[in-house]
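Heads up, the thing below is written out as structure tokens.
Read-outs: derived from the displayed coordinates by stated rules, not from any lab. Model, not experiment: these values are computed from the prediction. In this analysis, Cβ positions are derived from the backbone assuming ideal geometry, glycine residues included, and neighbour counts consider all displayed protein chains.
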Amino acid sequence: MSGDMIVFSSLTPLDGGTVTFGRGHWSEVIGEGTVDILELPQLKNVRYVKGLTSNLISVSQLCDDAVVEVRFSKSRCKIIGEGGNEIVSVARSRDNCYCIDWTTYARQAVCNRDINDTSVLRHQRLGHMNFKDMHKLSKRVLVNGIPKLEKSLQHVCEGCVWA
């Protein structure tokens, strides 16, 4: 689960109910997508939870999706990939959590990603029309002036998610 939209490489809106935290606090599940951050394993079916201030990783999901092994010790957690290479090693915190600094990786991923392709630009100019219908317009030449558009269904539009 994550409350930080920037870590998602793709995100699909989802009416996923709510997540309840300690002391009865709860947040809505707004979407589900893929977290694909440089140097870290790709995680699928990650829930986007509105207002969540920490990113939480399910160890079983991590092992199912991308990792050969997760090793816990008294002081560290190591995520091991194929061939026995260490992907991530993090220290145990005072409150008994193993914290990965996602912000460092997320900034690198955003800098290396170009989201202003033609489909995204047309999506914005057409009032955030959904991509499926926008591509139908383009393919069938139903609107003058719209060029043939590449399918760009992996894009996460922040405006559409928050709408």
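Backbone amide hydrogens, once placed in the peptide plane, bring I30 within less than 5 Å of Y48, V49, K50, excluding anything fewer than 5 places away on its chain.
Fewest first, what order do R23, R71, R140, R47 take by the number of other Cβ atoms within 10 Å?
The order, fewest Cβ neighbours first, is R23, R140, R71, R47.
Rounded to the nearest 0.05, the FRET efficiency derived from the C-beta distance between R76 and D4 at R0 = 30 Å is 0.80. Listed from fewest to most Cβ neighbours within 10 Å, the set D95, D133 follows the order D95, D133. What FRET efficiency comes out for the pair C97/Q61, r = Cβ-Cβ distance, R0 = 22 Å, nearest 0.05? After rounding, the FRET efficiency stands at 0.80.
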